[in-house]
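Student: One structure follows; several queries about it will come next.
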Amino acid sequence: MIINHPLLGQRDSAEFVYMGDAALIDRPDPASDAAAQEFYEYAYLRDNPAGDLRELWFHEGGDRSWLVVTRNTVTHEITKVELARDVARSRGRSK
Amino acid sequence: MRYSGFKVIKEALTGHKGWRPAWREPKPKPHYDIVIIGGGGHGLATAHYLAKVYGQKNIAVLEKGWIGGGNVGRNTTIIRSNYLLDGNEPFYEFSLKLWEGLEQDINYNAMVSQRGIMNLIHSDAQRDAFVRRGNAMILNGADAELLSAEQIRVEYPFLKFDDVRFPIKGGLAQRRGGTVRHDAVAWGYARAADSRGVDIIQNCEVLGFRIEDGKCLGVETSQGFIGAKKVGCAVAGNSGRLMSKANMRLPIESHVLQAFVSEGLKPLIPGVITFGAGHFYVSQSDKGGLVFGGDLDGYNSYAQRGNLPVVEDVCEGGMAIMPMIGRARLLRMWGGIMDMSMDGSPIIDRTHIDGLYFNGGWCYGGFKATPASGYCFAHLLAKDAPHPVATAYRFDRFRTGNMIDEKGMGNQPNLH
């Protein structure tokens, strides 16, 4: 698979490490009353869809940036690549 | 019809006119006591043991395609019980014992071949780990044998013992491990279950569950609604997709695992060999092809095909332990979809929905587990309590911290 890196252009997916569902960006609040349940769900439960999935790829063999790649799990087609930093900021994270 | 040597001779002398289809093709009834979703090895084994051991009647197995068309027909056919942890080893040893009596039990030649499995050791630390594992196996009633490099050289003279990076220092052998003709497992269980009245309904895709007041009343299928007192799901690979129809999120990701077969060669590899420094395992089929595989591709997939980096990695592993494999040409390669769970171990448990039961998360150990998985799932469905060797395979182990993590990798499914 070729991942179209927003900064570096087309890169071989073998340069990357895969971290799964990009929902991991939304870490629960450890101070919340429901933190135990929320962290259980965060750490262990997955949507695992057959179709488009937004997922985290780490460019370990490159510029070491984290990407959010939208990829179809049935066809392996990649339709969108974003910097995870931008996605996290747009979701209200400070960094 | 019972298969036997006498029957084969009789049919040979009478023009083979007496053979009948191995199972019926029934229309679905409106209601069953137990409906099993998934006509693969695990689902068919479940139906067989439900009917034979637990005396259940009025059972159906629903399969969206044809039986045995999923992972039971796409694996590398290895059976073994060389696990370390208490939650796993008794289960897999139970499975190996069932394999040993399988053909008599289901009156079907599944070509169970206990040709032995050999895990190679390449470092002192690995020997320590394998000694520990071997002791855990023996404590659980399995067999294990620690071999020196000299002993392995007698059986496998062609291995690259003096490799600079990965010298072979010894091995852990399980002589009772081996291989089984995988399709025959599905067909044999199907025939045995059918002979006890189980309805095997092919081309019947489950489209949803009918759930009212927290109770599962049946399944909506491509052949209409089928009611059931109990519904058991055994669709590993597609568990996430199926259980999402019951609004369940699972501790599972679906990943693709590739496997390979070379051209047919003369008898070469007597047993199963695994490379301990990378990830590569190989055996030789009775037709002569070298059957081998390695790691997952590593990303979520439902595609049943993988990519080239893993092909390269697997072939490098092969070249590292048996360089002569480089002379063999690859004949076939394919991908299968694995339920990769968060700790690398399976789940056989009730769900929070009354009457809905789950069997899945087999990672890439599902084939060897087929008989015990079916037996334990049948036990759960019939008695509403886990079988004694499957008590650890609970949904809530992730919540309570009782993970069964053989490799100690944590909640990263692509590393198990």
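Student: Counting only other residues whose beta carbon sits under 10 Å from that of B:I252, what net charge do I get with K and R as +1, D and E as -1?
Tutor: So the environment of B:I252 carries a net charge of 0.
Student: Taking Cα atoms, how many degrees apart are the long axis of helix B:182-195 and the longest axis of chain B, rounded to 10 and kept between 0 and 90?
Tutor: 30
Student: Which pairs, out of B:K7/B:K266; B:K27/B:K64; B:K52/B:K97; B:K266/B:K407; B:K97/B:K230; B:K10/B:K52, put more than 24 Å between their alpha-carbon atoms?
Tutor: Listed pairs above 24 Å: B:K7/B:K266; B:K266/B:K407; B:K97/B:K230; B:K10/B:K52.
Student: Here's a follow-up. Going by average Cβ density within 10 Å per residue, which order do the peptides A:19-30, B:228-239 take, highest to lowest?
Tutor: Those peptides, ordered most packed to least, come out B:228-239, A:19-30.
Student: Could I ask something else about it? Students often get this wrong, so check it: of A:K80/B:K245; B:K29/B:K245; B:K57/B:K287, which have C-alpha atoms separated by over 32 Å?
Tutor: In this structure, B:K57/B:K287 exceed 32 Å between Cα atoms.
Student: Let me ask you something else. When only alpha-carbon atoms are used, what values of Rg and Dmax, in angstrom, describe the protein assembly as shown?
Tutor: Considering the protein assembly as shown through its Cα atoms, Rg and Dmax are 23.6, 82 Å.
Student: Oh, and also: Anyone know which of A:E60, A:E82, A:E41 comes out most mobile in the 10 Å Cα GNM of chain A?
Tutor: Maximum among the listed residues: A:E41.
Student: In terms of modelled amide H atoms, which long-range or inter-chain residues lie less than 5 Å from the amide H of B:D163?
Tutor: Those qualifying (amide H under 5 Å, at least 5 residues apart or on another chain) are B:I168.
Student: Tabulate in residue order the Karplus-calculated ³J(HN,Hα) for the stretch B:119-130, using 6.51 cos²θ - 1.76 cosθ + 1.60 with θ = phi - 60°, rounded to whole Hz; enter x for Gly and Pro.
Tutor: 8, 7, 10, 10, 8, 5, 5, 5, 4, 4, 5, 6
Student: To continue, here is another question. Using Cα atoms only, what is the angle between the long axis of helix B:308-321 and the major principal axis of chain B, expressed in degrees (0 to 90) to the nearest 10?
Tutor: 50
Student: Cα centroid distance between the stretch B:100-126 and the stretch B:1-46, in Å?
Tutor: Between the Cα centre of the stretch B:100-126 and that of the stretch B:1-46, the gap is 26 Å.
Student: Let me ask you something else. Inside 10 Å of the C-beta atoms of B:298-311, what's the mean count of C-beta atoms belonging to other chains?
Tutor: 5
Student: For chain B, what is the mean residue ellipticity at 222 nm derived from helices alone (per DSSP H run of n ≥ 4: -39500 (n - 2.57); sum divided by total residues; nearest 500 deg cm²/dmol)?
Tutor: Rounded to the nearest 500, it is -8500 deg cm²/dmol.
Student: What is the order of B:M333, B:M248, fewest Cβ neighbours within 10 Å to most?
Tutor: Lowest count first: B:M333, B:M248.
Student: What's the average, rounded to a whole number, of partner chain beta-carbon atoms within 10 Å of each residue's beta-carbon in A:31-40?
Tutor: Going residue by residue through A:31-40 and averaging, the value is 1.
Student: Then there is this: Could you tally the net charge around B:A234, taking each other residue with its Cβ under 11 Å from the Cβ of B:A234, Lys/Arg +1 and Asp/Glu -1?
Tutor: Surrounding charge for B:A234 is -2.
Student: Okay, moving on. Taking +1 at the Cβ of each Lys and Arg and -1 at the Cβ of each Asp and Glu, which of B:Y54, B:G178, B:A246 sits farthest along the dipole of chain B towards its positive end, judged by Cα position relative to the Cα centre?
Tutor: About the Cα centre, the residue reaching furthest to the positive side is B:Y54.
Student: How much net charge surrounds B:M409 when only the other residues with a Cβ under 15 Å from the Cβ of B:M409 are counted, with Lys and Arg +1 and Asp and Glu -1?
Tutor: -4
Student: Per residue Cα convex hull volume for the stretch B:139-291, in cubic angstrom?
Tutor: It is 216 Å³ per residue.
Student: Right, another one. With +1 on each Lys and Arg Cβ and -1 on each Asp and Glu Cβ, and nothing else charged, work out how big the dipole of the stretch A:2-90 is about its Cα centre, in Debye to the nearest 20.
Tutor: For the stretch A:2-90, the charge dipole is close to 240 debye.
Student: Okay, next question. Can you give me the angle between helix A:35-44 and the longest principal axis of chain A, using Cα atoms only, in degrees from 0 to 90, rounded to the nearest 10?
Tutor: Between the helix axis and the principal axis of chain A, the angle is about 30 degrees.
Each value in this text was obtained by applying a stated rule to the coordinates, not by laboratory testing. Since the model is a prediction, treat every value here as computed from it, not as a measurement. Cβ coordinates were reconstructed from backbone atoms using ideal geometry, including for glycine residues, and neighbour counts include every protein chain displayed.
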